[in-house]
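Inspection log for the structure reproduced underneath, given as structure tokens.
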Amino acid sequence: MDRSWLQHALTVDEERRFAEQGYLIIENAIPQELVDRATAVVDRITAEEKAREGLGANDGINIFDFIGQDDVFLELLDYPTTFPKVWGILGWNIQLYHSHTIITPPNAASGPGQQGLNWHKDSGRLNNELETDPQPRISLKVAFFLTDTSELGRANLYVIPGSHLLNKLPVDEAKKPKGGLAVQAKPGDAVFFDRRIWHSSSPNTSEVPRKVLFYGYSYRWLRPRDNMTVDHLMGRIGPIRRQLLGAAPSGWHGYSSPKPEDVPLRAWLQENVGEQVAA
């Protein structure tokens with residue numbers, strides 16, 4: 001429970017930009033020292049996973065459920081420059097429901113982005129089975145960039161600003177997606193994006209590998225999108241991290257009708273921010 005969270009609350013301008021555009025860039029969200037530590041761990045688990053899958057150095061890879069593999073990932077889970085903006089957007093009844101890292105080597109032979117721009121919204125069947133137009137937000141991702149994508153051709157994340165309010169992909173007269181732009185993030189930048197925004201990976205035509213950590217936050221009543229292998233952490237982390245990693249002390253109703261012990265983040269906000277924030 002970190003009072004430095006209070007120094008990085010979601011601003012009125014950030015809230016407006018995220019609501020209008022569907023994404024938000026926080027520059028220099030994490031220091032180079034943390035970028036270096038996270039990169040070293042990502043390199044290790046990438047080598048291990050590629051060996052298991054029989055992939056080569058030139059193959060890209062998307063590794064799911066990294067959150068429980070090293071404490072550096074816990075550090076980023078509720079990092080002071082980013083986590084307050086997550087609760088500022090979604091509120092206090094939240095969890096981490098998904099984690100994955102995408103590694104795209106230069107001129108990768110396989111993996112995300114090699115097929116060109118593959119425009120999509122996150123969360124799979126939610127996009128088919130929710131009824132309203134636009135659909136509700138429900139979740140967002142925070143992407144921590146470990147390598148430099150400030151130039152084009154470095155497996156940039158592409159987004160269509162404002163498309164989170166459109167259920168259908170916006171296209172031009174030639175039926176091609178319109179309005180897309182490349183996010184040009186630097187190492188240490190964090191990019192927030194609404195799960196509904198139309199976005200895409202892209203090929204890496206540079207000489208610089210791309211490494212990004214994606215943290216998916218959602219309301220606690222949504223089922224996790226991956227295995228969330230975190231039971232081994234629960235006995236040594238604080239109550240807010242336990243909430244974020246899926247604990248519900250009061251039982252199954254604690255996800256949809258939480259009691260105070262299920263959502264310690266709410267009590268922290270009541271005490272440190274005010275009753276109106278934790279309503």
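Worth a mention:
- Of V142, V159, all but one fail to be in contact with a His (Cβ under 9 Å, 6 or more places away or on another chain) and crowded, with 22+ Cβ neighbours inside 10 Å; the exception is V159.
- Test result for F64, hydrophobic (A, V, I, L, M, F, W, C), more than 27 Å from P258 (Cα to Cα), surrounded by fewer than 18 Cβ atoms within 10 Å (Cβ to Cβ) and within 17 Å of the chain's Cα centre (by Cα): yes
- Scanning segment 82-106 for residues being surrounded by fewer than 21 Cβ atoms within 10 Å (Cβ to Cβ), more than 20 Å from V263 (Cα to Cα) and within 14 Å of the chain's Cα centre (by Cα) gives a total of 2.
- Residue within segment 195-210 that is surrounded by fewer than 17 Cβ atoms within 10 Å (Cβ to Cβ), touching a helix residue (DSSP H, G or I) at 6+ places or on another chain (Cβ under 7 Å) and over 23 Å from T104 (Cβ atoms) present: no
- Those residues of segment 99-116 which are over 19 Å from D148 (Cβ atoms), part of a strand (DSSP E or B) and not polar (S, T, N, Q), in sequence order: H100
Yes/no per residue for (1) closer than 16 Å to V86 by Cβ; (2) not in a helix (DSSP H, G or I):
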| position | (1), (2) |
| --- | --- |
| V208 | no, yes |
| V212 | no, yes |
| Y215 | yes, yes |
| M228 | no, yes |
| M234 | no, no |
| R242 | no, no |
| G246 | yes, yes |
| A279 | no, yes |
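- Residue within segment 26-35 that is farther than 20 Å from S150 by Cβ and aliphatic (A, V, I, L, M) present: no
- Single unsatisfied condition, L34 versus (1) under 23 Å from K186 (Cβ atoms); (2) aliphatic (A, V, I, L, M); (3) in contact (Cβ under 8 Å) with a residue 24 or more places away in the chain; (4) surrounded by fewer than 17 Cβ atoms within 10 Å (Cβ to Cβ): (4)
- Residue count for segment 239-257 under the criterion of being within 22 Å of I67 (Cβ to Cβ) and touching a helix residue (DSSP H, G or I) at 6+ places or on another chain (Cβ under 8 Å): the result is 12.
- Selection count, segment 254-276, where residues are closer than 24 Å to H8 by Cα, under 25 Å from the mean Cα position of the chain (by Cα), in contact (Cβ under 8 Å) with a residue 24 or more places away in the chain and surrounded by fewer than 19 Cβ atoms within 10 Å (Cβ to Cβ): 1
Rule-based calculations on the coordinates, nothing more; no lab input. Since the model is a prediction, treat every value here as computed from it, not as a measurement. Quick reminder, even Gly has a Cβ in these numbers, built from the backbone with ideal geometry, and neighbours come from all protein chains shown.
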